[in-house]
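The values are calculated or read from the model by the stated rules, or taken from the named source; none is laboratory data. For clarity, every value in this text was computed on a predicted model and none was experimentally measured. With ideal geometry, Cβ positions are generated from the backbone for all residues, glycine too; neighbour counts draw on all protein chains shown.
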Amino acid sequence: MQKLVNDLVNAKLSRRGFLAGMAAASYSVTAAKSALAAVEPFIPGGDLPTDYVRTVEGTGADLMLDQMIESGAKYLFCSNGSGMGPIVDSLVDRPQVQLIQATHEGQVVSIADGYAKITRKPSYCFYSRVGLPHSTSNMYNSMKDRTPLVVMSDHANSDREGTDSHEDIDNWIEAISQYTKWRWEAHRSDRLAEWVRRAYKVASVLPGGPTALRV
């Protein structure tokens with residue numbers, strides 16, 4: 001299928017040729033038409049739907065929450081911490097997302113895990129970086145159960161990296177590498193929506209599992 005899509009997008013293959021190629025590869029008519037519809041916006045000369053892209057202005061927290069809303073998030077499971085200030089401020093203007101607070105980071109992951117199991121959709125949780133080690137036992141459980149979670153935590157300012165600053169270590173990502181399918185440390189607020197979306201997609205693709213994003 002990859003070659004067919006490449007040829008279609010690069011104008012080396014017509015839509016009819018794409019459907020014929022899919023049929024020759026033993027895909028059903030329904031699957032072929034669904035694939036064509038998905039790639040249609042990228043075909044030269046094709047018209048993008050008016051709602052396919054949109055421009056968003058705001059803080060990094062605004063971008064994160066807007067991307068979460070686009071993915072269908074209704075809840076953000078959290079444990080209160082100083083790094084959550086911008087997220088809480090942005091939630092004031094976004095009643096679509098309800099904040100569910102727990103008293104311990106391990107509980108946050110456990111609650112988010114249960115919600116994801118029931119809904120069969122990735123859930124989001126956020127807490128302070130110092131709580132990340134507390135949550136790893138339940139992140140391990142989620143990884144073994146293949147539960148789709150997006151785990152987010154804050155990190156110190158970039159200018160403090162490598163200085164053994166207060167409540168910080170050099171590599172938080174390494175500590176959770178065995179319990180996550182994908183992990184990333186963000187250093188650019190303008191790309192937060194991209195990374196939240198990637199964390200969601202990787203967590204949701206079978207076999208599922210937790211992904212982690214430090215912001």
Does at least one position in region 91-104 carry a residue that is in a helix (DSSP H, G or I), in the same structural domain as A199 (by TED's automatic domain parsing) and over 24 Å from M139 (Cβ atoms)?
no
Only one of (1) part of a loop (DSSP other than H, G, I, E, B); (2) more than 23 Å from R129 (Cα to Cα) is not met by A73, so which one is it?
(2)
For region 115-122, check the following and say yes or no: at least one residue is over 18 Å from A199 (Cα atoms) and either among the basic types (K, R) or in contact with a Leu (Cβ under 6 Å, 6 or more places away or on another chain) (or both).
no
Only one of (1) loosely packed, with under 14 Cβ neighbours inside 10 Å; (2) within 28 Å of S137 (Cβ to Cβ); (3) more than 20 Å from the chain's Cα centre (by Cα) is not met by P44, so which one is it?
(2)
So the check is Cβ under 7 Å with 6+ separation or different chains; which pairs have a first residue in region 133-157 that's among the charged types (D, E, K, R) and a second one that's assigned to a helix (DSSP H, G or I)?
D154/G83; D154/R129
Whether any residue in region 77-90 is more than 16 Å from Y127 (Cα to Cα), under 18 Å from the mean Cα position of the chain (by Cα) and of a type outside the set (F, W, Y) is what I want to check.
no
Options S28, S71, S90, S34; residue that is surrounded by 18 or more Cβ atoms within 10 Å (Cβ to Cβ) and polar (S, T, N, Q):
S90
